[in-house]
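The values are calculated or read from the model by the stated rules, or taken from the named source; none is laboratory data. The structure displayed is predicted, hence computed values, not measured ones. Neighbour counts are summed over all protein chains in view; Cβ atoms, including those assigned to glycine, are modelled from backbone coordinates with ideal geometry. Side chains included, ligands, DNA and RNA excluded: accessible areas come from the protein's heavy atoms. Shrake-Rupley method; radii C 1.70, N 1.55, O 1.52, S 1.80 Å.
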Amino acid sequence: MQDLLNPRVDSVFKRIFGSEQNKDVLLAFLNSTFKESGELPLAEIVLVNPYTDKDSPTDKLSILDIKAKTSDGKLINIEMQIFNPFHMEKRTLYYWSGMYFQQIPKGYNYNTLKKCVAINILDFTLLNNTRYHSVFHLREDHTGIPLIDDIEIHVIELTKLDENSVPLEEGGLVNWLLFLKGVDKSSWEVLAMNEPMLKKAMDTLEFLSQDAAARMEYEARMKALSDEKSRIEGAREQGREEGREEGREEGREEGLATGMSIGEARAKTEMARNLLLLGADLPFIRKATGLSDKEIEALRSIQ
């Protein structure tokens, strides 16, 4: 049997949760998510952008999110992110605002606007807390009273989840997240007992992992990331060569050393820029380039 595909890769995630055949899986996942924030369960959802065979992009920049609408018109957007695109907070507000203002044409009555919910599932750490599930609303600073309930943002950070702590006889969101995080298959039975609809998600992942077309799509998407890594390495080597050339032109040992140093610095900077675009996290970029956090943050601010 072939290895399982990574359910955190957005193309796989959307096929598991964003197809018409698996709409019940998405509904169960959403209800587990909303239960943790004290909301009433949903009875029904409609997929606004269901998975189709056309959702097979190899472009790493494509956004394969899942959009759903509840029976009362509330809009929900679910996005899986493996790599940190940086400025994630602003990115989240940008996409949330798009959901909100696109509901009605300009000039129409504002009271027809419905609540919009953004759910970001992240395979990296974003927030400075220890919670794996954080929920944000628009509230007054001192009294905590809500201005309006139309904005709700969930940030789910898989990195803050202890995959060795499989709950016993406990339903809820943590079971879904352990499945996404890639907990060992020996724990699947317990997770599915806690959350029965997880069994269908697991079966879907196993089917996709054995399906030749799905695996080709998956591998093409992963190849795009490998190609990006090769491009970064190529840019780094080019920077080194430019530094050597500058040193040769100066015709002195000091010039060679200076030129190589300049080239190395350029290469590190270029590599850091590309890693930021790829979505690598700060510790990884620091280790790969040798740049300080301050230098990396400065590059991020001018992207």
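Data table
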quantity	calculated
Within-14-Å neighbourhood charge of D184 [Cβ basis; K, R +1; D, E -1]	-2
Distance in nm between pseudo-label sites at S134 and K69 (7 Å out along the Cβ direction from Cα)	3.2
Cα gyration tensor shape for region 1-53, rounded if a/c is under 1.5, else prolate or oblate	oblate
Stretch gain in nm, segment S292-F101, where the contour uses 0.36 nm per residue and the Cα spacing is subtracted	64.8 nm
Of K35/K106; K14/K90; K23/K181; K67/K223; K69/K106, those spanning more than 29 Å from alpha-carbon to alpha-carbon	K35/K106
Net charge, G98 excluded, C-beta distance under 12 Å - Lys, Arg +1, Asp, Glu -1	+1
Ranked order, D65, D3, D149 - accessible area, probe 1.4 Å, largest first	D3, D149, D65
FRET efficiency, D141 to R91 (Cβ-Cβ, R0 25 Å, nearest 0.05)	0.55
Local electrostatic count at T70 - Lys and Arg +1, Asp and Glu -1, tallied over other residues with Cβ under 12 Å	+2
Nearest-10 value in Å² for the accessible area of E270, using the 1.4 Å probe	60
Rounded FRET efficiency, nearest 0.05, which uses the C-beta distance separating L113 from E206 and R0 of 45 Å	0.65
Exposure of K185 as accessible area (Å², to 10), given a probe of 1.4 Å and all protein chains	90
Label-point gap, in nm, between M193 and L4 - each point 7 angstrom along Cα→Cβ	1.7
Anisotropy class of region 66-182 from Cα gyration tensor, a/c 1.5 cut	prolate
